[in-house]
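Enquirer: First the structure, which I've put down as structure tokens, then a few questions once you've had a look.
The values are calculated or read from the model by the stated rules, or taken from the named source; none is laboratory data. Since this is a predicted model, take the numbers as computed values, not measurements. Virtual Cβ from ideal backbone geometry, glycine too; neighbours counted across all protein chains shown.
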Amino acid sequence: MAEQDQDTPAAAPAQKMNKLGLSLLNYRGGKSTLCAGCGHDAISAAITQAYFELGMNPRQVAKLSGIGCSSKTPAYFLGEAFGFNSVHGRMPSVATGANLANRALNLIGVSGDGDTASIGLGQFCHLVRRNARMVYIVENNGVYGLTKGQFSATADRGSVQKKGERNTYEAIDVCALAIELGCDFVARSFSGDRKQLIPMLQAAIMHSGTAVIDVISPCVTFNDHEGSTKSYDYTKAHDWILHEIGFVPGADNIEVEFDPGTTRDVKMHDGSHLTLKKLATDYDPSVRLNALSVLQQGKADGKIVTGVLYVNPNSESFADSLKMVDEPLAHLAEKDLRPAKSCLDQVMDELR
Amino acid sequence: MGVIVNDFNIMVGTVNGSGSQSANLVLMRSIFNMGVPIAGKNIFPSNIAGLPTWFNIRASEHGYMCRRAGTEILVAMNPATAADDVAQMAPGTLVLLNDTIGLLKERTDLRLLKVPFTKLVAEISPEMKLRKLLVNMIYVGIVAQYLGIESDAIDLAIDKQFSGKKKAADLNKAAVRVGQRWATENPIENLGYRIERREKTKGKIIIDGNAAGALGAVFGGLQVLAWYPITPSSSVCESAIAYLERFRHDKNGKATYAVVQCEDELASAGVVIGAGWAGARSMTATAGPGISLMAEFVGLSYYTEIPAVIWDVQRVGPSTGLPTRTAQGDVAFTYNLSHGDTAHIVLLPATVRDCYDFGAEALDLAEEFQTPVFVLSDLDLGMNNWMSDPFPYHDKPLRRGKVLSKEKLDQIKEFARYRDVDGDGIPYRTLPGTDHAKAAYFTRGSGHNDKAEYSEKPHDYKAIVDRLKKKHETARSRVPQPVVVTEPGASIGIIAYGTTHHAIVEGRDLLKKSGIKTDYMQIRALPLCEDVLRFIENHERVYVVEQNRDGQMHELIRSYGRALTDDKLRSVRHYDGTPIDAKSCVDGILAGEKVEVN
């Protein structure tokens with residue numbers, strides 16, 4: 001069951017500390033300027049909670065976004081992290097550059113459905129192909145909020161706009177696309193299901209490559225009416241939850257045992273565990289074809305499939321595939337950056 | 001008829017993809033090895049194989065490097081263009097024509113030699129595939145023999161061209177010998193052209209501008225290179241990759257750099273900006289169409305003050321234009337690239353040495369000024385071979401700009417990302433990941449105040465863009481400054497930049513012969529500095545010579561100092577896709593001076 005609690009974000013007691021001795025306050029950002037009840041604020045709260053629970057130093061995180069309502073949100077979480085609100089649809093390339101300059105940064109990108117599936121479709125695809133290490137969240141509401149409610153490319157065919165217009169175009173499923181393009185961590189969630197979203201985010205944060213999470217995040221102002229397939233009511237009523245997700249961080253990992261009869265255990269790259277408790281069916285997220293199949297099944301049945309669709313914890317990150325030094329490039333000293341005079345002399349001799 | 005020594009053009013017309021490039025480079029290098037200055041220009045189509053291509057070698061006793069109209073020796077190997085090529089030759093031109101090519105109209109005013117290339121090459125190799133390549137080396141032998149180029153000079157050039165491939169080198173030498181023998185058996189009386197040994201190329205190197213720029217960047221600490229292939233800039237990145245792979249690994253063999261071949265130029269710009277933001281020295285290289293695509297990202301880089309280096313190896317626009325021809329048509333566009341009020345630092349290399357120097361200088365300026373920096377090369381400079389003194393090793397510390405480390409943050413009371421602390425318009429920045437409570441800030445392309453907070457307040461917006469303007473003013477005296485060469489008693493000034501420089505060097509000598517003395521200012525960067533206005537003030541008339549239709553630099557100078565320049569400034573333009581020659585420049589100035597042009 002999805003649970004909707006976007007009105008009570010981060011309700012943990014303020015005195016609770018994580019392993020770094022930081023409280024939830026250290027992970028909060030600025031005050032949101034989005035509409036009251038916006039799904040995006042619930043996602044920001046989930047991100048805040050996910051990093052807090054992981055005990056990750058917020059100063060080691062960099063938040064990136066494109067343009068749109070979704071892309072404003074990095075200002076609303078992790079105030080101690082650097083942020084970059086870039087240009088429309090092109091955050092993936094900026095994130096790629098940041099990843100190469102400093103591979104120690106923990107990157108989280110927040111995009112929207114227009115920013116990813118319309119103007120940014122190309123950059124999204126190529127980010128996934130490169131597999132730069134980052135969490136890439138699509139806050140998906142099927143409409144352009146900032147320009148007042150036009151359909152985006154993820155709006156379902158037949159979904160009805162607030163003014164009554166019906167969408168006649170086929171929707172782009174960013175999860176199916178990511179799986180097709182070889183992404184090693186693909187998941188879908190619902191902004192109203194914080195219990196599912198938080199551990200999902202934590203696993204994504206620990207993933208060694210690009211982790212794509214598409215979060216259905218209703219737009220209360222322009223797409224929450226009857227006839228919309230991205231409203232709170234519709235999403236709750238049609239949510240097909242694949243499994244119950246849990247996350248056990250690597251450091252706290254003292255002989256955790258999971259009953260293989262009821263739970264699937266995915267050991268992540270850093271030693272932490274993503275646990276997937278079986279529900280009605282036993283879904284195996286280690287098979288790419290299963291993901292495509294269940295997404296097609298959901299589409300045929302009018303269901304929104306949520307959960308970890310595909311995960312390969314041994315993903316080779318972009319920085320590794322480039323055989324880069326372990327130390328961030330940005331931290332290298334001048335002597336590592338400028339070859340010796342003898343190297344230049346050698347080149348000059350060859351050109352004579 | 002007297003003999004012209006070391007001062008003529010050799011033009012070779014071939015089909016591209018036929019392997020003639022190696023032969024042409026060997027011929028050019030042979031003359032270079034004789035100690036005679038050369039300039040090689042490849043005139044090629046936007047095509048991989050099968051279309052006409054020409055290679056022009058200019059030998060110049062004076063070391064003039066620009067294109068020179070006219071051909072003294074033509075090698076016509078391409079059946080598709082031979083008739084046209086021959087028809088364009090002036091009377092008396094020596095023409096070596098492949099004897100399998102029939103000409104509709106025979107010209108009796110040329111010295112036309114039909115060479116049995118097919119028969120000659122058959123002696124060297126039984127393999128058809130090899131013959132196709134070796135046939136080109138036969139004309140090298142013939143031309144060399146007629147001009148008096150020594151065998152040692154040719155062999156040296158072949159060894160260089162086929163370095164490490166002895167078998168190929170030997171075969172090519174054999175082909176040259178066949179050509180030499182044929183020329184000996186078919187002597188020309190009173191040819192009128194000779195190469196004589198000189199000492200003018202000793203110690204010099206030959207390199208193209210793209211490789212030189214890449215070399216400069218790699219030795220200038222380039223860390224992230226993002227690119228999308230486009231003519232004529234691809235070899236900037238390909239050369240950089242080759243140098244990076246050779247020289248930039250740590251003791252464990254791991255790369256101290258990253259290269260991304262992106263999906264398009266937008267992504268290249270994005271990667272460069274993302275990397276620049278996170279503290280790496282980053283660049284990309286492209287041509288006009290890529291610059292058009294990058295406009296939005298360049299505005300972001302300017303407004304959010306993130307270092308980025310963008311090489312634009314200019315080709316002929318607009319649109320696809322002439323992708324394999326040269327121009328200086330992107331000057332005005334790049335200077336103000338993006339919507340809103342912007343102005344960028346633009347470096348204008350004229351020589352391969354400039355390309356090398358600016359390869360590093362651009363990275364320094366980008367980090368110092370926290371802004372996009374363009375390097376505007378062009379196809380002529382980037383893809384052709386230029387002679388140069390060897391490049392010096394730069395060992396001054398890299399200029400990384402105003403970056404606040406964790407320790408420095410401890411020492412200051414407050415950090416405001418966009419505050420003008422030093423009065424030069426350049427703020428301080430911190431790098432993502434800096435573990436300090438004061439370090440983090442939010443970078444946004446939307447309106448912000450000096451603390452990088454979102455703001456739509458009128459005074460906040462104005463304060464930021466006014467400071468950006470101030471920063472640009474600071475740059476005027478810190479970018480590479482103009483170089484001025486004077487002639488006693490000159491009242492006429494010439495301003496030029498980029499590859500036009502080479503036409504001016506020769507053009508000034510020609511003008512002097514016509515009785516016109518000139519001073520010359522070579523502009524090396526934008527923004528312009530006050531010296532430009534002083535130069536105009538000190539001359540009766542000033543000609544701005546450049547390779548675009550609209551006189552873009554002329555207009556930039558006019559808008560920089562309108563009152564001063566209105567009566568004095570004249571524009572001379574060359575824009576047909578060919579590199580500017582001295583004559584075009586001289587004719588333009590003579591016309592302005594009302595001197596009759598022959």
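Enquirer: Hey, can you tell me all the residues within segment A:75-89 that are in a loop (DSSP other than H, G, I, E, B) and more than 7 Å from chain B (Cβ to nearest Cβ)?
Expert: Looking only at segment A:75-89, we keep the residues that are in a loop (DSSP other than H, G, I, E, B), and these are A:78-81, A:86-89.
The answer is A:78, A:79, A:88, A:89.
Enquirer: Let me ask something else. How about segment B:254-263: which of its residues are surrounded by fewer than 18 Cβ atoms within 10 Å (Cβ to Cβ) and within 7 Å of chain A (Cβ to nearest Cβ)?
Expert: Within segment B:254-263, just B:254 meets the criteria.
Enquirer: Assuming residue B:155 fulfils every condition listed in (1) assigned to a helix (DSSP H, G or I); (2) within 14 Å of another protein chain (Cβ to nearest Cβ); (3) surrounded by fewer than 22 Cβ atoms within 10 Å (Cβ to Cβ); (4) without any contact (Cβ under 8 Å) to a residue 60 or more places away in the chain apart from one, which condition is it?
Expert: So the condition that residue B:155 fails would be (2).
Enquirer: So is residue A:95 at the interface with chain B (Cβ under 7 Å from one of its Cβ atoms), part of a loop (DSSP other than H, G, I, E, B) and either within 15 Å of the chain's Cα centre (by Cα) or surrounded by fewer than 24 Cβ atoms within 10 Å (Cβ to Cβ) (or both) or not? Before the answer, list the steps.
Expert: Details: at the interface with chain B (Cβ under 7 Å from one of its Cβ atoms): yes; part of a loop (DSSP other than H, G, I, E, B): no; either within 15 Å of the chain's Cα centre (by Cα) or surrounded by fewer than 24 Cβ atoms within 10 Å (Cβ to Cβ) (or both): yes.
No.
Enquirer: Does segment A:325-339 hold any residues that are within 8 Å of another protein chain (Cβ to nearest Cβ) and either part of a loop (DSSP other than H, G, I, E, B) or touching a Ser or Thr at 6+ places or on another chain (Cβ under 8 Å) (or both), and which are they?
Expert: A:325, A:326, A:328, A:329, A:332, A:336, A:337, A:338, A:339
Enquirer: Where residues in segment B:22-54 are touching a Ser or Thr at 6+ places or on another chain (Cβ under 7 Å) and closer than 18 Å to residue B:135 by Cα, which of them is surrounded by the fewest Cβ atoms within 10 Å (Cβ to Cβ)?
Expert: The qualifying residue surrounded by the fewest Cβ atoms within 10 Å (Cβ to Cβ) is B:52.
Enquirer: Tell me the residue from A:63, A:72 that is at pLDDT 95 or above, in a helix (DSSP H, G or I) and more than 8 Å from every other protein chain (Cβ to nearest Cβ), please. Give the steps one after another, and end with the answer.
Expert: Numbers: A:63 fails: in a helix (DSSP H, G or I).
Residue meeting the stated conditions: A:72.
Enquirer: Using the structure shown, decide if residue B:285 is within 14 Å of chain A (Cβ to nearest Cβ) and either under 22 Å from the mean Cα position of the chain (by Cα) or outside any loop (DSSP other than H, G, I, E, B) (or both).
Expert: Details: within 14 Å of chain A (Cβ to nearest Cβ): no; either under 22 Å from the mean Cα position of the chain (by Cα) or outside any loop (DSSP other than H, G, I, E, B) (or both): yes.
Taking the combined requirement at face value, the residue does not satisfy it.
Enquirer: Residue B:230 passes all but one of (1) crowded, with 18+ Cβ neighbours inside 10 Å; (2) assigned by TED's automatic domain parsing to the domain that holds residue B:20; (3) of a type in the set (Val, Ile, Thr); which number fails?
Expert: (2)
Enquirer: Can you pull out the residues in segment B:288-305 that are within 11 Å of another protein chain (Cβ to nearest Cβ) and in contact with a Gly (Cβ under 7 Å, 6 or more places away or on another chain)?
Expert: Result: B:297, B:299, B:300, B:303, B:304.
Enquirer: Of everything in segment B:398-425, what is more than 29 Å from residue A:73 (Cα to Cα), more than 7 Å from chain A (Cβ to nearest Cβ) and not basic (Lys, Arg)? Give them in sequence order.
Expert: Those that are more than 29 Å from residue A:73 (Cα to Cα), more than 7 Å from chain A (Cβ to nearest Cβ) and not basic (Lys, Arg): B:401, B:407, B:410, B:411, B:412, B:421, B:422, B:423, B:424, B:425.
Enquirer: Same structure, new question: Does segment B:65-115 hold any residues that are part of a strand (DSSP E or B), within 27 Å of residue B:499 (Cβ to Cβ) and not aliphatic (A, V, I, L, M), and which are they? It would help to see each step written out before you state the result.
Expert: Filtering segment B:65-115 down to residues part of a strand (DSSP E or B) leaves B:67, B:73-76, B:94-98, B:111-115.
Narrowing the set further to residues that are within 27 Å of residue B:499 (Cβ to Cβ) leaves B:67, B:73-75.
Residue satisfying the conditions is B:67 alone.
Enquirer: Scan segment A:119-132 and tell me whether some residue there is over 23 Å from residue A:192 (Cα atoms), out of contact with any helix residue (DSSP H, G or I) (no Cβ under 7 Å at 6 or more places or on another chain) and at the interface with chain B (Cβ under 7 Å from one of its Cβ atoms).
Expert: Yes: one or more hits.
Enquirer: Please enumerate the residues belonging to segment A:311-323 that are buried (at least 16 other Cβ atoms within 10 Å of the Cβ) and either assigned to a loop (DSSP other than H, G, I, E, B) or touching a Phe, Trp or Tyr at 6+ places or on another chain (Cβ under 8 Å) (or both). First the steps, then the outcome.
Expert: So in segment A:311-323, the residues buried (at least 16 other Cβ atoms within 10 Å of the Cβ) come out as A:311-313, A:315, A:317-319, A:322.
Scanning segment A:311-323 gives A:311, A:312, A:313, A:315, A:317, A:322.
Enquirer: State the number of residues belonging to segment B:327-351 that are of a type in the set (Asp, Glu) and either surrounded by fewer than 24 Cβ atoms within 10 Å (Cβ to Cβ) or part of a helix (DSSP H, G or I) (or both).
Expert: If we filter segment B:327-351 for residues that are of a type in the set (Asp, Glu), which is where we start, we get B:330, B:341.
Next, from what is left, pick out any that are either surrounded by fewer than 24 Cβ atoms within 10 Å (Cβ to Cβ) or part of a helix (DSSP H, G or I) (or both): B:341.
Residues flagged as of a type in the set (Asp, Glu) and either surrounded by fewer than 24 Cβ atoms within 10 Å (Cβ to Cβ) or part of a helix (DSSP H, G or I) (or both) within segment B:327-351 amount to 1.
Enquirer: Mind checking which residues of segment B:376-392 are in a loop (DSSP other than H, G, I, E, B) and crowded, with 24+ Cβ neighbours inside 10 Å? Before the answer, list the steps.
Expert: Restricting attention to segment B:376-392, the residues satisfying the condition of being in a loop (DSSP other than H, G, I, E, B) are B:384, B:389-392.
Within segment B:376-392, just B:384 meets the criteria.
Enquirer: Can I ask one more? Name, by its number, the condition in (1) within 14 Å of chain A (Cβ to nearest Cβ); (2) in contact (Cβ under 8 Å) with a residue 12 or more places away in the chain; (3) assigned to a helix (DSSP H, G or I); (4) not aliphatic (A, V, I, L, M) that does not hold for residue B:354.
Expert: The failed condition is (1).
Enquirer: Hey, any hits in segment B:201-210 for a residue that's assigned to a helix (DSSP H, G or I) and in contact with a strand residue (DSSP E or B) (Cβ under 6 Å, 6 or more places away or on another chain)?
Expert: The first filter runs over segment B:201-210 and keeps only residues assigned to a helix (DSSP H, G or I), leaving B:209-210.
Remaining after also requiring in contact with a strand residue (DSSP E or B) (Cβ under 6 Å, 6 or more places away or on another chain): B:209.
So far as segment B:201-210 goes, yes, one or more of its residues are assigned to a helix (DSSP H, G or I) and in contact with a strand residue (DSSP E or B) (Cβ under 6 Å, 6 or more places away or on another chain).
Enquirer: Oh, and also: List the strands (runs of 3 or more DSSP E) inside segment A:151-245, counting only whole elements, that have at least 1 residues being at pLDDT 95 or above and in contact with a Cys (Cβ under 9 Å, 6 or more places away or on another chain). It would help to see each step written out before you state the result.
Expert: Details: elements: A:185-190, A:210-216, A:239-241.
Where strands (runs of 3 or more DSSP E) fall fully within segment A:151-245 and carry at least 1 residues being at pLDDT 95 or above and in contact with a Cys (Cβ under 9 Å, 6 or more places away or on another chain), they are A:185-190, A:210-216.
Enquirer: Does residue A:184 satisfy the criteria of being acidic (Asp, Glu), surrounded by fewer than 22 Cβ atoms within 10 Å (Cβ to Cβ), within 22 Å of residue A:242 (Cβ to Cβ) and in contact (Cβ under 8 Å) with a residue 24 or more places away in the chain?
Expert: no
Enquirer: Here are some conditions: (1) within 14 Å of chain B (Cβ to nearest Cβ); (2) more than 25 Å from residue B:360 (Cβ to Cβ); (3) of a type outside the set (A, V, I, L, M, F, W, C). Residue A:345 meets all but one. Which one does it not meet?
Expert: (2)
Enquirer: Suppose we keep only residues that are more than 8 Å from every other protein chain (Cβ to nearest Cβ) and of a type in the set (D, E, K, R) within segment B:214-253. Which one would you say is farthest from residue A:343 (Cα to Cα)?
Expert: Result: B:238.
Enquirer: Could you please find all residues in segment B:527-561 being closer than 25 Å to residue B:374 by Cα and without any contact (Cβ under 8 Å) to a residue 24 or more places away in the chain?
Expert: B:551, B:554, B:558, B:559 - these are the residues of segment B:527-561 that are closer than 25 Å to residue B:374 by Cα and without any contact (Cβ under 8 Å) to a residue 24 or more places away in the chain.
Enquirer: So residue A:112 clears everything in (1) touching a Cys at 6+ places or on another chain (Cβ under 8 Å); (2) without any contact (Cβ under 8 Å) to a residue 12 or more places away in the chain except one condition, right? Which one?
Expert: That leaves (2) as the condition not met.
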